1. Pairs please, first residue from region 230-256 and open to solvent by less than 80 Å² (accessible area, probe 1.4 Å), second anywhere and assigned to a loop (DSSP other than H, G, I, E, B), Cβ atoms under 7 Å, 6+ apart in sequence or on different chains.
2. Return the residues of region 505-526 that are in a loop (DSSP other than H, G, I, E, B) and open to solvent by less than 70 Å² (accessible area, probe 1.4 Å); say none if nothing qualifies.
3. Could you please let me know if Gly106 is open to solvent by less than 10 Å² (accessible area, probe 1.4 Å), in contact (Cβ under 8 Å) with a residue 60 or more places away in the chain and over 21 Å from Leu63 (Cβ atoms)?
4. Filter region 263-315 down to the residues that are farther than 22 Å from Gly168 by Cβ, open to solvent by less than 10 Å² (accessible area, probe 1.4 Å) and of a type in the set (D, E, K, R) and list them by number.
5. Cβ contacts < 7 Å: first residue in a helix (DSSP H, G or I) and open to solvent by less than 40 Å² (accessible area, probe 1.4 Å), restricted to region 167-186; second residue modelled with pLDDT of 85 or more and among the acidic types (Asp, Glu), any location; separation 6+ or different chain. Result?
6. Find all pairs meeting these conditions: Cβ atoms under 7 angstrom apart; at least six residues apart or on different chains; first residue within region 125-145 and open to solvent by 10 Å² or more (accessible area, probe 1.4 Å); second residue among the hydroxyl-bearing types (Ser, Thr, Tyr).
7. For region 19-44, how many residues are open to solvent by 70 Å² or more (accessible area, probe 1.4 Å) and in contact (Cβ under 8 Å) with a residue 40 or more places away in the chain?
Amino acid sequence: MSYIGKEDEVQQRPYWRWSKVDFLPEESFQNWNTYLSALSQIYSRFNDRLLSRSDDANEITQLRKQSENDMKRCLTWWDLTWFGFGSVIGAGIFVLTGQEAHHHAGPAIVLSYVASGISAMLSVFCYTEFAVEIPVAGGSFAYLRIELGDFAAFITAGNILLESIVGGAAVARAWTSYFATLLNRQPDSLRIPKGSYLLDPIAVAVLAIAATIAMISTKKTSQLNWIATALNTLVILFVLIAGFAHANTSNLTPFLPHGAKGIFQAAAIVYFAYGGFDNIATMAEETKNPSRDMPLGLLGSMLIITVVYCLMALSLSMMQKYTEIDPNAAYSMAFQSVGMKWAKYLVALGALKGMTAVLLVGALGQARYTTHIARAHMIPPWFALVHPKTGTPINATLLMTISSGLIAFFSSLDVLASLLSVSTLFIFMMMAVALLVRRYYVREVTPEINQLKLAIFLLIIIACSMGTSAYWGLRPNGWVGYVVTIPLWFLGTMGISIFLPHQRTPKVWGVPLVPWLPSLSVAINIFLMGSLGSPAFIRFGICTAAMLVYYILVGVHATYDMAHQQQKLDALKVKNEDEDKEGKP
């Protein structure tokens with residue numbers, strides 16, 4: 001049972017309930033007349049939501065009441081570090097390394113991982129400061145609501161949910177393929193042919209098991225993640241030791257067969273292998289000491305992961321000539337070429353353990369994103385409820401698992417793989433912008449002239465980053481465009497540093513070298529986005545348009561009603577307090 005109500009009025013309600021008010025409690029959806037009235041006010045409501053901002057106290061205190069019960073604070077920096085490993089080191093390193101080394105980067109794939117790792121580390125810095133200052137389950141959604149407003153947060157939320165659902169389905173399907181390899185069978189042999197589809201009940205079962213564990217207990221999920229990740233780490237150590245033992249330095253020549261363009265094309269794709277660390281930020285609400293544990297867990301795990309990825313890429317490139325690398329089973333075939341055919345089973349086992357950890361951490365992180373999005377009423381608040389006994393968001397977990405399961409059963413939607421990279425890079429770019437806004441702008445404190453300066457400098461940074469990316473795509477061997485865009489980016493960043501005073505100083509831990517590191521994060525993320533090609537952006541545009549339709553029909557009205565209802569309650573509370581003071585003798 002759960003409890004809601006005013007300070008002196010407590011009402012007991014069951015967790016499992018299905019009434020209309022639990023899904024659409026807002027005034028705009030009470031009947032068709034109220035809904036049509038709301039639609040007639042779309043312009044004013046959209047403008048209100050576009051300009052509105054949340055604040056730290058609202059995200060940390062007020063919105064959490066929508067869940068009716070608190071999540072259990074049970075995680076330490078040790079849990080978060082292992083979650084970092086589990087969320088990132090999955091099938092990506094085993095699949096993408098060989099694929100991109102063969103097609104784009106050659107032996108320079110190690111530099112692709114360096115470039116992506118630097119970008120990921122810069123994003124981790126931004127996430128860490130927010131997670132320490134605003135320890136809530138919403139992650140980037142909550143942070144952007146505070147700094148950039150409801151509309152920017154909604155676009156981000158849509159991309160987060162899309163990335164989580166499709167990404168979870170892809171990992172589950174890959175789990176089935178690796179499991180078949182472990183049984184010495186063809187990757188599709190465990191799927192059921194049905195017309196043009198290959199049905200995958202095993203992928204659905206794996207998603208369901210991971211979700212069930214996540215719903216039962218966060219701490220137990222952490223313990224299972226330790227085991228899966230520790231086993232995966234042992235396999236990775238074997239790959240590194242055996243790989244370097246059979247290394248041949250002549251395989252590194254030529255080191256740059258496709259030039260710098262190949263390095264960055266590969267970097268944009270292998271960035272997917274770093275994806276998942278943002279799930280750790282969503283666990284701040286369940287962390288015992290966020291100000292200490294979040295920086296240690298996020299930064300520590302990402303630094304080690306970057307080093308591991310670079311070493312694995314280097315070992316593969318030294319074992320086998322890049323032209324001979326099998327894009328579909330790189331490590332297995334590389335070991336076979338040096339007389340270690342049996343090692344392919346060990347590689348498959350490592351990938352399987354890694355993907356199991358990814359699914360476990362994903363089940364946790366994705367549900368917590370969903371919970372906070374529902375707390376803000378951008379999706380029905382029924383998904384915000386936290387179970388009183390388990391302390392976990394069961395409804396949100398079910399939503400994400402069922403959605404991923406439906407896709408995984410029929411298809412992994414590989415056509416959306418590049419879209420996921422665009423979504424991830426877009427979110428991380430927005431986070432860097434949000435951090436700059438947080439440091440240099442405080443409502444009702446920052447003078448208007450400084451607000452204008454900040455907006456101009458940010459536009460210069462973003463425009464120059466886009467210009468650099470576009471010029472790279474059009475003239476990869478040119479240099480004239482960079483003479484314009486890079487110095488202007490530098491001047492825009494320097495303008496913030498010189499002409500704008502800091503408006504907010506982190507209380508405990510903050511990103512160093514602001515504004516330079518966040519500005520560099522913006523530039524790198526946009527540059528990598530530009531390396532993905534037009535099809536990814538076309539799909540991104542289509543998905544964003546679909547999100548906007550939902551926002552106009554539902555989201556804007558639900559969040560508008562919630563915000564203004566809270567304002568009425570606050571005004572009523574102030575009025576009652578004033579009346580009480582006047583009534584005292």
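The values are calculated or read from the model by the stated rules, or taken from the named source; none is laboratory data. It should be emphasised that the depicted structure is a prediction, and the values quoted were computed from it without experimental measurement. Please note: Cβ atoms are built from the backbone with ideal geometry, for glycine as well, and neighbour counts cover all protein chains shown. Ligands, DNA and RNA are stripped out before the accessible areas are found, and what is left, the full protein with its side chains, is counted by its heavy atoms. Shrake-Rupley method; radii C 1.70, N 1.55, O 1.52, S 1.80 Å.
1. The qualifying pairs are Asn232/Ile89; Ala242/Met340; His246/Val338; Asn251/Gln320; Asn251/Lys321.
2. Taking region 505-526 first, the residues in a loop (DSSP other than H, G, I, E, B) are 505-515.
Across region 505-526, the qualifying residues are Pro506, Trp509, Gly510, Val511, Pro512, Val514, Pro515.
3. Working: open to solvent by less than 10 Å² (accessible area, probe 1.4 Å): yes; in contact (Cβ under 8 Å) with a residue 60 or more places away in the chain: yes; over 21 Å from Leu63 (Cβ atoms): yes.
Answer is yes for this residue.
4. Scanning region 263-315 gives a single hit, Asp293.
5. Arg173/Asp200; Thr176/Asp200
6. From residues that are open to solvent by 10 Å² or more (accessible area, probe 1.4 Å), the pairs are Val132/Ser291; Pro135/Thr287; Arg145/Ser54.
7. So the first thing to find is which residues in region 19-44 are open to solvent by 70 Å² or more (accessible area, probe 1.4 Å), and the list is 20-21, 27, 30-33, 36, 40, 43.
Then drop every residue that is not in contact (Cβ under 8 Å) with a residue 40 or more places away in the chain, which leaves 27.
Residues meeting the conditions: 1.
Every residue, every condition in (1) modelled with pLDDT of 95 or more; (2) of a type in the set (Gly, Ala, Ser), yes or no:
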site	(1), (2)
Ser469	no, yes
Val480	no, no
Leu491	yes, no
Val508	no, no
Ser521	no, yes
Gly530	no, yes
